[in-house]
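The values are calculated or read from the model by the stated rules, or taken from the named source; none is laboratory data. None of these values were measured; they are calculated from a predicted model. Here Cβ is always computed from backbone atoms with ideal geometry, including for glycine, and neighbour counts include all displayed protein chains. We work out accessible area using only protein heavy atoms, side chains counted, and drop any ligands, DNA or RNA first. Shrake-Rupley method; radii C 1.70, N 1.55, O 1.52, S 1.80 Å.
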Amino acid sequence: MRYFLLCCLLSLSLGAGAATTLRQSFDLQVSEPPTAVISEGSRQLVYELHVTNYANVALLPTRLDVLDADSTKPPLASWEGGTLLARSAIVGSGKSPDARQGIAPGMHAVIYIEIAMLADTALPRQLTHRLAYEAITTSGRERGQVLGGTTALAQRASASVGPPLRGGPWVAIYGASFARGHRRVLFALDGQVRIPARFAIDWIRLNAKGEHARGDEHVVANWLGLGEEVLAVADASVVATRGDYPQSRTLDNPAHSLSEASGNFVSLDLGDGRYAHYEHLEPGSVRVHPGDHVRRGQVIGALGFSGDSTGPHLHFHVSDGASPLAGEGQPFVVDRYDVIGNYTSLEEFAAGKPWQPLPLGTARLRNGTMPAPSAVADFPQ
């Protein structure tokens with residue numbers, strides 16, 4: 001369900017009998033209702049606010065407040081200035097709005113929102129948004145404010161899945177702030193904008209030193225995870241596959257068309273309108289076909305480097321569409337795994353630094369939660 005509100009700034013003169021001046025500003029939309037995601041025992045509301053400039057001048061967002069629509073309490077979350085722009089992207093460019101130029105007339109941007117909520121705090125029934133901005137005119141900058149984008153929260157619980165791999169260590173690569181991360185890639189393939197990989201994780205195999213390759217990492221065959229068995233995460237039906245797409249022998253991976261971006265893949269129907277997708281599998285490794293029924297833990301393919309990939313890994317996500325690039329990304333939790341460490345930043349992983357083990361005595365077992373970004377995990381053998 002979509003929630004639309006065309007928001008106009010009302011500028012009122014206070015003099016007796018003064019006329020009201022109407023000015024076009026931002027249209028605010030929440031296309032996919034916010035979802036409470038459980039990760040490492042905490043909850044986050046994860047969603048996107050779409051903003052379109054209907055004014056005839058550029059508008060610069062300066063502050064965003066997320067409000068409980070049924071309460072007069074202070075905002076649940078706020079961002080302003082450069083922090084707000086960093087979590088925004090102009091559609092088509094992928095770049096954050098420029099503080100000097102703002103968002104041009106007719107342009108559409110997306111603000112990526114995550115709100116941390118304590119586990120024992122009641123979730124609001126619906127949210128709304130207060131967006132302050134500056135209109136960039138020839139005579140200077142004029143301040144305005146708009147209220148809208150009201151949306152109810154999604155009520156369905158996250159899909160619960162089993163491990164997609166065995167053993168470890170595996171690092172969970174994803175992050176809301178990644179400029180070209182899964183969540184910031186939008187697709188309009190069927191007349192509607194969607195983010196199919198909103199909650200996707202790229203799983204990369206490591207060793208105890210944090211290395212992901214033996215020797216020269218430029219050679220694909222040296223990567224530790226290449227060829228690792230990929231497992232069905234549930235009893236499910238196979239709805240789509242591809243297994244014959246070639247992969248490069250080195251990291252010099254050529255550009256791929258949209259239809260080839262997933263490389264070799266398997267899509268499983270989990271039931272209840274949700275589908276699990278495995279991408280970038282090794283050529284010739286896919287063991288299942290559309291119409292097959294698989295059991296949880298069954299080997300369905302092998303980790304590879306096919307399609308639009310920067311290195312051998314397993315891309316895994318859940319959506320409400322039956323093929324990898326269709327549908328809206330849906331949250332999921334893994335029912336059992338161990339967290340054995342983490343990276344404090346993606347830059348540490350990229351630099352080949354060792355991951356940080358959990359302190360002695362820290363509980364490792366996780367049940368029914370989504371791995372945190374850059375968590376290092378072991379799956380049951």
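Does segment 234-301 classify as rounded, prolate or oblate by the C-alpha gyration tensor (a ≥ b ≥ c root eigenvalues; a/c under 1.5 gives rounded; else a/b over b/c gives prolate, otherwise oblate)? It comes out prolate by the Cα gyration axes.
Compactness of segment 47-91 is given as radius of gyration and Dmax, 12.3, 34 Å, from Cα positions. Counting charges near V46 (Lys, Arg +1; Asp, Glu -1) among other residues having Cβ under 9 Å from its Cβ returns a value of 0. Taking label points 7 Å from Cα along the Cα-to-Cβ direction, L365 and F187 give a separation of 3.8 nm. For segment 21-66, what D do you get in µm² per second when you plug the Kirkwood radius from alpha-carbon pairs into Stokes-Einstein at 37 °C and 0.692 mPa s? Rounded to a whole number, D works out at 249 µm²/s.
Give me the accessible area per residue for the chain, probe 1.4 Å, as a whole number in Å². It would help to have the intermediate numbers written out before the result.
Working: 17490 Å² over 381 residues.
That works out to 46 Å² per residue.
The alpha-carbon positions of segment 71-186 define a convex hull whose volume is 173 Å³ per residue.
Please report, to one decimal in angstroms, the Kirkwood hydrodynamic radius of segment 28-135 built from all distinct Cα-Cα pairs. Don't skip to the end; give the middle numbers.
On the way: mean 1/r = 0.0684 Å⁻¹.
One over the average 1/r among Cα pairs gives 14.6 Å for segment 28-135.
Computed from backbone phi with θ = phi - 60° and the Karplus coefficients 6.51, -1.76 and 1.60, the 3J(HN,Hα) list for segment 159-170 is 5, 9, 10, x, x, x, 9, 10, x, x, x, 10 Hz; x is used for glycine and proline. Expressed as a whole percent, the accessible area of the chain that falls on carbon and sulfur atoms is 52 (1.4 Å probe). Can you give me the Rg/Rh ratio for segment 137-222, using Cα atoms for both radii and the Kirkwood formula for Rh? Rg divided by Rh gives 1.16. Ranked from largest, the principal axis spans of the Cα set of segment 105-172 equal 63, 30, 22 Å. At q = 0.17, 0.26, 0.27 Å⁻¹, what log₁₀ I(q)/I(0) does a Debye calculation on the Cα points of segment 133-172 give, no solvent, two decimals? Values, matching the q order: -0.72, -0.96, -0.98.
Quick check of the Kirkwood formula: for segment 149-301, what is the inverse mean of 1/r over all pairs of different Cα atoms, in Å? Walk me through the numbers before you get to the answer.
Numbers: mean 1/r = 0.0577 Å⁻¹.
With all distinct Cα pairs of segment 149-301 included, I get 17.3 Å.
Based on the Kirkwood radius over alpha-carbon pairs, what value in µm²/s does the Stokes-Einstein equation return for the translational diffusion coefficient of the chain at 25 °C and 0.890 mPa s? Intermediate values should be presented prior to the final figure.
Details: Rh = 22.3 Å.
Reported coefficient: 110 µm²/s.
Indicate the gyration tensor shape class of segment 280-324 (rounded, prolate or oblate), computed on the Cα atoms with a ≥ b ≥ c the square roots of the eigenvalues: a/c under 1.5 is rounded; otherwise a/b larger than b/c is prolate and the rest oblate. Show your work: numbers first, answer last.
On the way: a/c = 1.92, a/b = 1.31, b/c = 1.46.
Verdict is oblate for segment 280-324.
Distance between the 7 Å Cα→Cβ label points at S96 and R143: 2.2 nm. Helices in the chain, meaning DSSP H runs of at least 4 residues, each add -39500 (n - 2.57). Divided by all residues, the mean residue ellipticity at 222 nm is -500 deg cm²/dmol. Shape summary: segment 264-358 maps onto an equivalent ellipsoid whose semi-axes, from the alpha-carbon gyration tensor, are 27, 17, 14 Å in decreasing order.
What's the local net charge at S374, with K and R +1, D and E -1, over the other residues with C-beta under 14 Å away? Can you show the working numbers first?
Working: positive: K353; negative: E40, D202, E347, E348.
Result for the neighbourhood of S374: -3.
When the P(r) is computed for segment 305-376, the part past 15 Å accounts for 68% of the Cα-Cα pairs.
Report the calculated FRET efficiency for E114 and K353 (r = Cβ-Cβ distance, R0 = 25 Å), to the nearest 0.05. Don't jump to the answer; show the numbers that get you there.
On the way: r = 26 Å, r/R0 = 1.03.
My answer for the efficiency is 0.45.
Whole Å is fine, so just give me how far the alpha carbon centre of segment 65-89 lies from that of segment 277-307. First find each Cα centre; the distance between them is then 41 Å.
Of the residues P164, L147, I90, the one whose Cα sits farthest towards the positive end of the charge dipole of segment 80-179 is P164 (charges of +1 on Lys and Arg Cβ, -1 on Asp and Glu Cβ, taken about the Cα centre).
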